[in-house]
Amino acid sequence: MFENDGFHARGVGVDIVDINRFRDKVHNERFLDRIFSPREQRDCGKGIFQPHRLAARWAAKEAVSKALGCGLGGDLSWKDVEVYHNADGQPQIWLSDAANERHNHPQFAVSLAHDGSYAVAFVILIATKHV
């Protein structure tokens, strides 16, 4: 287990997504509303890079579920996980109140990237030693 400055990794998740899967879905409001929060949809904007941004957020949600060790669908739904950027532009993970309770108020470090036709997300589940 990685330890540094009083923190340790409790779980790791990674996911890679083909961006082309999202090119047609950007026009499917039912799909977008089922998977992404209003803030995520707004942050992804419209235009040529919208599929890239949606794919990266999809990958991050999958990676969060892997880091938690639960997968999506049971203890964690798509809408329980929200990906946003803080004021400095760093990606962040927000969990719904119910998911926070179920998973003991986890904290995450996340990195998103997209290049060519792929988007990837890497998530580390972190917690203090006192958890």
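For helix 50-68, what angle does its Cα long axis make with the longest principal axis of the chain, in degrees from 0 to 90 and rounded to 10?
30
Return the ratio Rg/(2.2 N^0.38 Å) for region 10-85, where Rg is computed over Cα atoms only. If you can, show how the numbers build up before the last one.
Numbers: Rg = 12.2 Å, N = 76, 2.2 N^0.38 = 11.4 Å.
In units of the 2.2 N^0.38 Å rule of thumb, it is 1.07.
Which whole-number percent gives the relative contact order of the chain, counting Cα pairs below 8 Å spaced six or more residues apart? Don't jump to the answer; show the numbers that get you there.
Numbers: 230 pairs, mean separation 47.7, N = 131.
This gives 36 percent for the chain.
Give LYS25/LYS79; LYS25/LYS66; LYS25/LYS61 a once-over and call out the pairs whose C-alpha atoms are over 19 Å from each other.
Violating the 19 Å Cα-Cα cut-off are LYS25/LYS66.
Under a cut-off of 16 Å between alpha-carbon atoms, report the aspartates and glutamates in cross-link reach of LYS46, not counting same-chain residues fewer than 8 places apart.
ASP24, GLU29, ASP33
What is the packing order of peptides 60-67, 32-39, taking the mean over residues of other C-beta atoms within 10 Å and listing the highest first?
The packing order, highest mean first, is 60-67, 32-39.
Name the residue farthest towards the positive end of the dipole of the chain from the options VAL17, GLN92, PHE108, assuming +1 on Cβ of Lys and Arg, -1 on Cβ of Asp and Glu, about the Cα centre.
Working it through, the farthest residue towards the positive pole turns out to be VAL17.
What is the diffusion coefficient of region 5-131 in µm²/s, taking the Kirkwood radius over Cα pairs and the Stokes-Einstein relation at 37 °C with a viscosity of 0.692 mPa s?
Here the translational diffusion coefficient equals 222 µm²/s.
Could you check the simple spin-label distance between ASN86 and ILE48, using points 7 Å along Cα→Cβ, in nm with one decimal?
3.1
No value in this document is a laboratory result; all are computed from the given coordinates. Computed from a predicted model, the values in this text were never measured in an experiment. Cβ coordinates were reconstructed from backbone atoms using ideal geometry, including for glycine residues, and neighbour counts include every protein chain displayed.
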